[in-house]
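The values are calculated or read from the model by the stated rules, or taken from the named source; none is laboratory data. As the structure is a computational prediction, the values presented were derived from the model and not from experiment. With ideal geometry, Cβ positions are generated from the backbone for all residues, glycine too; neighbour counts draw on all protein chains shown.
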């Protein structure tokens, strides 16, 4: 009955159109009434505890770093470098999208920000060179969702805070699967490019390539600093976020000089608005999470999944299928906040590595960003490319299938994630 109250309250509030933060908070209140110990002070204390979390301080600094990177021309230089290297080969602009997606993912950690930056710069170029706009939009959206997997990842920060898992381990564990996502896109695009009749880009001279590399070098150094610092134990993820923000500020203002001091106030305000949305979501979710733990919902869900508990791979497949279904109606961050505290104890009970489970959780959750009806990232690309959601959906399906195959491989062969994770860590 407790599980019915939890899911029923949450679904009813979401169907009424209530913002997810308020829906999570009121779902916790509904559980309080069901368990007969409502206490308004307890609601306030848990909301305050949601914001009073040191690891969560990484979120506003990485958000600020992303705003500075986009405003400071770092994204454009990454794309220019990719164009100079592979733009001239058959279907070259598609490979530019994939390469730039992986590089930008190691800088911003935001799927929406990366997709918007790539689409704004590359959709007009691909349209002018004869590429199918829906297929191009599908590729850019698919590349955009690599951002939550490769560090620094906002989703890993939220998952780590919500489930009490090491954010540093999640960051390092996300490198290999993020690169494999890029390889999967390259494989699919190589097959599609054979049938394309498009205009190749002019082949750049070695001098032009060298200039693009030197111009983009400051951008390429940042992921080395972050990953090297985490790998070497020099700083924590929170400190890495501060380093990223300060570095981006210095590069944007004093090296590339594309951000004026007078523009900083607007950039800080934009970052603060995004941060406030994320923080309020976490605050509301902690009320629900506290009640989920108190009502012993993980144990109830565990009993429902007990027929699968004997085989961790089968259990992982069942939980990932559940997350894929939830992703059709819920965005990634709410999915983490709602389902993370419920499913993580089950994974631990079955002997599944928590870091591996965290990477898989976020990876499957990202697919909801590119398939209807929620498809936040796909909606962004539709707005930039000025195409319908139906057209974008037709353009994205080959890449979505490739990701599902990759997820199945990760479930059947966990070593594809755990072995590189152990080596990097």
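Table for the structure above
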quantity	calculated
Of residues in segment 358-375 being closer than 14 Å to residue 392 by Cβ and at pLDDT 85 or above, the one surrounded by the most Cβ atoms within 10 Å (Cβ to Cβ)	370
Filtered residues of segment 305-320 (kept if over 17 Å from residue 361 (Cβ atoms) and touching a residue at least 24 places away in the same chain (Cβ under 8 Å))	309
Evaluation of residue 53 against (1) surrounded by fewer than 19 Cβ atoms within 10 Å (Cβ to Cβ); (2) at pLDDT 85 or above (one fails), failing number	(2)
Of the criteria (1) within 15 Å of residue 142 (Cα to Cα); (2) surrounded by fewer than 20 Cβ atoms within 10 Å (Cβ to Cβ); (3) at pLDDT below 90; (4) over 15 Å from the mean Cα position of the chain (by Cα), which one residue 349 fails	(1)
Among (1) over 27 Å from residue 288 (Cβ atoms); (2) assigned to a helix (DSSP H, G or I); (3) in contact (Cβ under 8 Å) with a residue 24 or more places away in the chain, the one test that residue 157 misses	(1)
Test set (1) in a loop (DSSP other than H, G, I, E, B); (2) crowded, with 17+ Cβ neighbours inside 10 Å - residue 378 fails condition number	(1)
Among the residues listed as 24, 7, 85, 16, the single one being surrounded by fewer than 19 Cβ atoms within 10 Å (Cβ to Cβ) and closer than 26 Å to residue 164 by Cβ	7
Segment 107-132, residues that are part of a helix (DSSP H, G or I) and under 12 Å from the mean Cα position of the chain (by Cα)	111, 112, 113, 114, 115
Counted residues, segment 1-37 - those being closer than 11 Å to residue 291 by Cβ and in a loop (DSSP other than H, G, I, E, B)	1
Candidates 81, 104 - the one that is more than 14 Å from the chain's Cα centre (by Cα) and in a helix (DSSP H, G or I)	81
Residue list for segment 325-347, filter: part of a helix (DSSP H, G or I), closer than 21 Å to residue 157 by Cα and either out of contact with any helix residue (DSSP H, G or I) (no Cβ under 6 Å at 6 or more places or on another chain) or in contact (Cβ under 8 Å) with a residue 60 or more places away in the chain (or both)	332, 333, 334, 336, 337, 338, 339, 340, 341, 344
Pairs, first outside any helix (DSSP H, G or I) in segment 260-287, second surrounded by 14 or more Cβ atoms within 10 Å (Cβ to Cβ), C-beta under 6 Å, six or more apart	none
Hits in segment 38-76 (condition: within 30 Å of residue 116 (Cβ to Cβ) and either in a loop (DSSP other than H, G, I, E, B) or in contact with a strand residue (DSSP E or B) (Cβ under 6 Å, 6 or more places away or on another chain) (or both))	53, 72, 73
Among the residues listed as 399, 357, the single one being farther than 20 Å from residue 185 by Cβ and in contact with a helix residue (DSSP H, G or I) (Cβ under 8 Å, 6 or more places away or on another chain)	357
Residue that is nearest to the chain's Cα centre (by Cα), among those in segment 133-149 that are in contact (Cβ under 8 Å) with a residue 60 or more places away in the chain and closer than 25 Å to residue 248 by Cα	148
Segment 407-420, residues that are in a helix (DSSP H, G or I) and either more than 21 Å from the chain's Cα centre (by Cα) or buried (at least 17 other Cβ atoms within 10 Å of the Cβ) (or both)	407, 410, 411, 412, 415, 416, 417, 418, 419, 420
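Here is a yes/no grid of residues against (1) farther than 22 Å from residue 361 by Cα; (2) in contact with a strand residue (DSSP E or B) (Cβ under 6 Å, 6 or more places away or on another chain); (3) crowded, with 24+ Cβ neighbours inside 10 Å:
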| residue | (1), (2), (3) |
| --- | --- |
| 123 | yes, no, no |
| 137 | yes, no, yes |
| 147 | no, no, yes |
| 150 | no, no, yes |
| 155 | no, no, yes |
| 160 | no, no, yes |
| 164 | no, no, no |
| 169 | no, no, no |
